[in-house]
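Comments concern the structure below.
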Amino acid sequence: MAEHSPHLRPKRLRLTAGIRSMVRETHLHISNLIAPLFISETAETKQAILSMPEHYQLPLTALEAEIIELQSLGIPAVLLFGIPAEKDEMGSSSLSASGIIQQAIRLIRNIAPEMVIIADVCLCEYTDHGHCGVLQDDFIDNDRTLDLLAEQAVSYAEAGAHWVAPSSMTDGMVYAIRDALDRSGYQEVAILSYAVKYSSSFYGPFREAAMGAPQFGDRKSYQMDPANGEEAIREAAIDLDEGTDLLMVKPAIHYLDVIYRLKTHFPETPICAYHVSGEYAMLKAAAEKGWIEEEAAMLESLIAIKRAGANLIVTYYAKAAAKALR
Ligand code: PBG
């Protein structure tokens, strides 16, 4: 017997799986997961995305099977990104009732009426220059972009989207979209604003998948500086003031402190975190090399995002997590 035997032994509550589960503070549920999907207007068959194993550019003809699989796994929501046949300087193909996302929304509404349909609202997949708004010289014309975002959001609502998710970091986008939705009779359509979106190097695989990389320059003049944490509160406060229903933080793992700050500051607002393409690709690559155990690393990442304060998680691991959680 040691002379100084500790009285306080936290290990007592870790002794068995049953005890650990009784004192577990954070729980990940399938109902917390949102699955991102890439819908292609030009692909004839599912096109594998090389930097995102197990993800595809899906033609509409492959969407039904995908939705049925997601539904059978209990995943409640999808976040849609479009790859259009035509691009121009103002992203017009995203505004038409026959646009790829509008078609996808109507299809999903038909085959899975319970599925929550979230449409990403941004221009970068639809502009020939790949920036998230219309340009004035080499910069985004913020206020002209607002009208286009509002029109895109109304068009998605008309097609049947439940939520619209503006991701372009255009100042005033939430107000412009809320106002346009309300005037058009879509008061019940919610806004999930990417209020806090960083200019991150972890979006690379997504830009390959959605074919929306900027053709010149970068997004630093509109997305946030990774060095800033206080500013996240200002961004979130503005978007709440403008009428967003939920707040998104993106990326997730390198920004857990930001998620925590928002949850602490706005405890009454649902927070969503986007576990982005680069975060997925890194886990996949290390797992492929046999350097980490994929399922455990995935679940640890997702539980960390929830522990930080996220209520919902957009993740390319939605299906794998749903399978692991069942
Ligand atoms: C479009 C958009 C991007 C992502 C989501 N919406 C790309 C970007 O801002 O460059 C990235 C998602 C991911 O990496 O998984 N604005």
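A few remarks follow.
- Residue list for the stretch 181-199, restricted to those being within 13 Å of the ligand (Cβ to nearest atom), touching a Ser or Thr at 6+ places or on another chain (Cβ under 9 Å) and not hydroxyl-bearing (Ser, Thr, Tyr): LEU192, LYS197
- Only listed residue being in contact with a Pro (Cβ under 6 Å, 6 or more places away or on another chain) and closer than 20 Å to PHE202 by Cα, chosen from LYS250, LYS306, LYS284: LYS284
- Residue ID - surrounded by the fewest Cβ atoms within 10 Å (Cβ to Cβ), chosen from residues in the stretch 10-59 that are in contact with a Lys or Arg (Cβ under 6 Å, 6 or more places away or on another chain) and in contact (Cβ under 8 Å) with a residue 24 or more places away in the chain: THR26
- Any chance ASP239 is over 18 Å from ILE303 (Cα atoms) and away from the ligand (no atom under 15 Å from the Cβ): yes
- Only residues that are within 19 Å of THR269 (Cβ to Cβ) and either part of a helix (DSSP H, G or I) or within 16 Å of the ligand (Cβ to nearest atom) (or both) were counted in the stretch 152-180, giving 11.
- Qualifying strands (runs of 3 or more DSSP E) (wholly inside the stretch 29-132; at least 3 residues being under 24 Å from SER193 (Cβ atoms) and of a type outside the set (S, T, N, Q)): 33-40, 77-83, 116-121
- All told, LEU262 meets the bar of being of a type in the set (A, V, I, L, M, F, W, C), more than 16 Å from the ligand (Cβ to nearest atom) and either closer than 23 Å to THR244 by Cβ or in a helix (DSSP H, G or I) (or both).
- Extreme residue, farthest from the ligand (Cβ to nearest atom), among residues of the stretch 200-229 that are touching a Lys or Arg at 6+ places or on another chain (Cβ under 8 Å) and at pLDDT 90 or above: GLY229
- The residue pairs whose first member lies in the stretch 273-290 and is farther than 25 Å from VAL196 by Cβ and within 12 Å of the ligand (Cβ to nearest atom), whose second member is modelled with pLDDT of 95 or more and outside any helix (DSSP H, G or I), and whose beta carbons are closer than 6 Å, counting only pairs six or more residues apart or on different chains, do not exist in this structure.
- Residue that is surrounded by the most Cβ atoms within 10 Å (Cβ to Cβ) [pool: residues in the stretch 265-295 that are outside any loop (DSSP other than H, G, I, E, B) and hydroxyl-bearing (Ser, Thr, Tyr)]: TYR274
- The listed residue being surrounded by 15 or more Cβ atoms within 10 Å (Cβ to Cβ), among the hydroxyl-bearing types (Ser, Thr, Tyr) and farther than 15 Å from THR170 by Cα, out of TYR222, TYR203: TYR203
- Taken together, the residues in the stretch 4-28 that are aliphatic (A, V, I, L, M) and part of a helix (DSSP H, G or I) amount to 4.
- Subset of the stretch 186-238 (residues that are among the β-branched types (Val, Ile, Thr) and either assigned to a loop (DSSP other than H, G, I, E, B) or at positive phi (or both)): VAL189
- On inspection, MET248 fails the criterion of being outside any loop (DSSP other than H, G, I, E, B), away from the ligand (no atom under 11 Å from the Cβ) and either at negative phi or of a type in the set (Asp, Glu) (or both).
- Scanning the stretch 63-86 for residues that are more than 17 Å from ILE313 (Cβ to Cβ) and surrounded by fewer than 18 Cβ atoms within 10 Å (Cβ to Cβ) gives GLU64, ALA65, ILE68, GLU69, GLN71, SER72, ALA85, GLU86.
The values are calculated or read from the model by the stated rules, or taken from the named source; none is laboratory data. Worth saying up front: this structure is predicted, and the values here are computed from it rather than measured. Don't worry about glycine lacking a Cβ; one is built from the backbone with ideal geometry, like all the others, and counts go over all protein chains shown.
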